[in-house]
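The values are calculated or read from the model by the stated rules, or taken from the named source; none is laboratory data. Predicted, not measured: the structure shown is a model, and the values here were computed from it. Note: ideal-geometry Cβ built from the backbone for every residue, glycine included; neighbour counts use all protein chains shown. These accessible areas exclude ligands, DNA and RNA; they are computed on the full protein's heavy atoms, side chains included. Shrake-Rupley method; radii C 1.70, N 1.55, O 1.52, S 1.80 Å.
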Amino acid sequence: MQLALEWAHKGLLTTMPNPRVGCVIVKDGRVIGAGHTQVAGQAHAEVQALLDAASRGLDVRDATVYVTLEPCCHHGRTPPCTDALIQAGVARVVAAITDPNPLVAGQGLARLQAAGISTSCGVLEHEAHEMNLGFFSRMQRGRPWVRLKAAASLDGKTALHNGQSQWITSQVARDDGHAWRARACAILTGIGTVLQDNPQMTVRAMPVARQPLRIIVDSHLQIMPDARILSGGGSLVVAAHGQADKIARLQEGGTEVILLPNADGKVDLPAVLQVLGERQINELHIEAGYKLNGSLIREACVDECLLYLAPTLLGDALGLFDLGRMDDLSQRRDLFFHEVKQIGADLRILARFA
């Protein structure tokens with residue numbers, strides 16, 4: 001199963017909106033086939049592994065199949081993987097974890113059992129869940145897994161008061177941040193960051209087959225059509241209100257605009273997550289300023305924080321989050337450290353909300 005997880009990792013940047021799944025076929029003590037889920041619409045991991053074995057002229061009958069997610073049993077863009085395994089004549093299927101998709105959810109294993117194939121589930125379940133946090137979040141909560149990334153000094157400052165922030169962390173840390181961008185389905189920022197930095201918000205530190213969807217939270221629709229984040233089209237602006245002519249101009253340039261106002265006349269952030277879930281966004285990566293960061297945390301829209309801390313001090317400067325004033329420690333928002341690692345000269349902290 002560990003080897004199957006390594007195969008699943010090969011699809012880290014490409015399988016969305018499908019989950020990242022790996023499969024290994026074992027017979028007589030040796031691996032005879034392996035594969036991972038391809039881009040949406042192409043073969044899933046089990047079929048890839050079966051094809052791999054066939055390409056070597058190896059017989060999979062009576063073999064054991066190790067797969068990091070319960071085999072699907074429904075017709076989507078591809079036929080059911082359960083049917084392929086039954087037709088292949090395998091003897092046993094070991095799944096790491098059941099599929100949270102209501103169309104599967106245990107039915108895949110049940111279909112295999114009904115066909116006389118031995119099944120078991122729960123091997124390296126935690127690791128398999130971690131591989132597909134976003135897919136599980138979307139299926140179980142109807143919204144993506146949200147990761148908020150920020151870079152700061154050791155005293156928690158992200159920029160000087162004049163806005164200067166390039167660069168607090170090292171090139172190694174910035175490249176690592178791009179790797180996290182690459183695995184996300186979408187990147188979200190706020191209009192403040194766009195007006196201050198005019199960023200591209202693309203993956204540039206590594207070659208990728210696809211760029212994440214770029215999303216801008218812009219309550220008053222202040223964004224200009226020539227903003228770099230809109231270049232190439234395919235971006236999404238979420239506003240609370242805006243003039244029809246400006247909306248039309250943005251849409252003519254290939255930018256989608258949707259209006260999601262809350263009662264205060266700002267963007268309804270929880271509603272944004274629901275819309276993104278409906279659009280099959282598994283992982284949402286946020287790179288925004290301290291105001292939007294604070295709003296997202298206050299409205300319980302963030303699952304984990306990806307923080308890069310540089311060994312430097314900036315003193316009286318802008319912070320990470322605007323959470324408002326707290327008068328009692330009971331108002332604090334607790335997290336736990338999921339992972340702490342040194343990246344170049346900097347410290348990378350992955351902390352999840354408790």
Just one of the numbered conditions (1) assigned to a strand (DSSP E or B); (2) surrounded by 21 or more Cβ atoms within 10 Å (Cβ to Cβ) is not true of Thr169; which one? (1)
Taking segment 136-157 and keeping only residues that are open to solvent by 30 Å² or more (accessible area, probe 1.4 Å) and assigned to a strand (DSSP E or B), one is left with Trp145, Lys149, Lys157
Anything in segment 309-348 that is open to solvent by less than 50 Å² (accessible area, probe 1.4 Å), closer than 15 Å to Asn293 by Cβ and within 24 Å of the chain's Cα centre (by Cα)? List them, or say none. Leu320
Please identify the pairs in which a residue from segment 86-104 that is buried (at least 19 other Cβ atoms within 10 Å of the Cβ) has its Cβ atom under 9 Å from the Cβ atom of a residue that is assigned to a loop (DSSP other than H, G, I, E, B) and basic (Lys, Arg), counting only partners at least 6 apart or on another chain. Ala88/Arg61; Val90/Arg61
Set Leu85, Leu109, Leu69, Leu58: member being among the aliphatic types (A, V, I, L, M) and under 22 Å from the mean Cα position of the chain (by Cα): Leu69
So for segment 172-180 (the condition being of a type in the set (Lys, Arg), touching a His at 6+ places or on another chain (Cβ under 8 Å), touching a residue at least 24 places away in the same chain (Cβ under 8 Å) and buried (at least 18 other Cβ atoms within 10 Å of the Cβ)), does at least one residue qualify? no
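Return a yes/no flag: does segment 124-132 have any residue that is touching a strand residue (DSSP E or B) at 6+ places or on another chain (Cβ under 8 Å) and either closer than 17 Å to Cys72 by Cα or surrounded by 14 or more Cβ atoms within 10 Å (Cβ to Cβ) (or both).
We begin by selecting, within segment 124-132, every residue touching a strand residue (DSSP E or B) at 6+ places or on another chain (Cβ under 8 Å); these are none.
So far as segment 124-132 goes, no, none of its residues is touching a strand residue (DSSP E or B) at 6+ places or on another chain (Cβ under 8 Å) and either closer than 17 Å to Cys72 by Cα or surrounded by 14 or more Cβ atoms within 10 Å (Cβ to Cβ) (or both).
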So which residues in segment 293-341 are part of a strand (DSSP E or B), of a type outside the set (A, V, I, L, M, F, W, C) and without any contact (Cβ under 8 Å) to a residue 12 or more places away in the chain, if there are any at all? Glu339, Lys341
Quick one: count up the residues across segment 198-235 that are in contact (Cβ under 8 Å) with a residue 24 or more places away in the chain and surrounded by 18 or more Cβ atoms within 10 Å (Cβ to Cβ). 15
Go through segment 217-229 and count every residue that is at pLDDT below 95 and in contact with a Ser or Thr (Cβ under 8 Å, 6 or more places away or on another chain). 1
Extreme residue, most open to solvent (accessible area, probe 1.4 Å), among residues of segment 33-42 that are more than 19 Å from Met131 (Cα to Cα) and either basic (Lys, Arg) or modelled with pLDDT under 95 (or both): Gln42
